[in-house]
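Asks: Below you will find the structure I want to go over with you.
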Amino acid sequence: MGTTLARRGQLPRSAGHIPRCAQGDISAWMESGEHLTFGRANAEPRAGCVEVVCGSMFSGKTEELLRRLKRAKLARQQVQLFKPKVDNRYDEVKVVSHEGAKADALAVGGVDELVSLILPDTAVLGIDEAQFFEPSIVTTIDQLANQGLRVIAAGLDQDYLGQPFGPIPALMAIAEFVTKLHAVCTLCGAQASRSQRVVATEGQLFVGGAAAYEARCRRCYVAGVVEGHL
């Protein structure tokens, strides 16, 4: 359940590296920036790009982020994964999805710390829960992509009030590739694009899991906090 938007244009020179098995469906292959670096693990200069994976709670954002990073590792590319320290729901130093998929990550307190930990040979940079970073994450990611890194940021595009969440909208604007995923509405089973908070806590920066949020479609969503599971 996802919709991918990409800037349209001519295929880059690196498209010649598209493997035979993928040539039958180039559009699917080019949903991310993978084609820019495939078969070019040691190529210089690297082709950088920004990818955003967004959606509501329980839409599979983290799983998609981890899937892309796993494929980059299989292509023998140097990968680093970061997460904000504030998100310690499941683990202090691992990125963990609601379904239990996990990977080692570096937990950082902000953009400056993240940048200080990037290794010189890193080719692919993953950032989970990007909505919790300060606004400067946008220019930082843009600069990293200009330097040749493939940056994949995953995060919520809307908060519990249904409003744009943190830096995600601006990241979507500068990204070459935007993938919006959908969950399943807890109440009616339709496509869900919103996160319904079901505990009596105000404030945008409240980190919670299945006990605090439900995925809701437009019709079933109620702006704000709805105490208890309806």
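The values are calculated or read from the model by the stated rules, or taken from the named source; none is laboratory data. As the structure is a computational prediction, the values presented were derived from the model and not from experiment. A quick note on method: Cβ atoms are made from the backbone with ideal geometry, for glycine too, and the neighbour counts reach across all protein chains shown.
Asks: Quick one: A192 ticks every box in (1) over 19 Å from A215 (Cβ atoms); (2) surrounded by 22 or more Cβ atoms within 10 Å (Cβ to Cβ); (3) touching a residue at least 40 places away in the same chain (Cβ under 8 Å); (4) small (G, A, S) bar one, so which box is it?
Replies: Of everything listed in (1) over 19 Å from A215 (Cβ atoms); (2) surrounded by 22 or more Cβ atoms within 10 Å (Cβ to Cβ); (3) touching a residue at least 40 places away in the same chain (Cβ under 8 Å); (4) small (G, A, S), A192 misses just condition (1).
Asks: Mind checking which residues of the range 161-189 are at positive phi and buried (at least 22 other Cβ atoms within 10 Å of the Cβ)?
Replies: As a first pass, look at the range 161-189 and keep what is at positive phi: 162, 166, 189.
Within the range 161-189, G166 is the sole residue that qualifies.
Asks: Hey, among the residues in the range 208-224 that are under 22 Å from the mean Cα position of the chain (by Cα), over 17 Å from C54 (Cβ atoms) and in a loop (DSSP other than H, G, I, E, B), which one's modelled with the highest pLDDT?
Replies: Per the stated criteria, the residue is A212.
Asks: From the list H98, H35, H17, pick out the single residue that is in contact with a helix residue (DSSP H, G or I) (Cβ under 6 Å, 6 or more places away or on another chain) and either surrounded by fewer than 14 Cβ atoms within 10 Å (Cβ to Cβ) or modelled with pLDDT under 80 (or both).
Replies: Testing whether each residue is in contact with a helix residue (DSSP H, G or I) (Cβ under 6 Å, 6 or more places away or on another chain) and either surrounded by fewer than 14 Cβ atoms within 10 Å (Cβ to Cβ) or modelled with pLDDT under 80 (or both) leaves just H35.
Asks: Would you please list the contacts, defined by Cβ atoms under 7 Å and residues six or more apart or on different chains, that run from a residue in the range 127-152 that is within 15 Å of V178 (Cβ to Cβ) to a residue that is aromatic (F, W, Y)?
Replies: As it stands, the answer is I127/F82; Q131/F165, since those pairs meet every condition given.
Asks: Return the total of residues in the range 117-158 being part of a loop (DSSP other than H, G, I, E, B) and more than 22 Å from E63 (Cα to Cα).
Replies: Step one: list which residues in the range 117-158 are part of a loop (DSSP other than H, G, I, E, B), which gives 117-123, 128-129, 133-136, 147-149, 157.
Then drop every residue that is not more than 22 Å from E63 (Cα to Cα), which leaves 117-121, 134-136, 147-148.
Within the range 117-158, residues that are part of a loop (DSSP other than H, G, I, E, B) and more than 22 Å from E63 (Cα to Cα) number 10.
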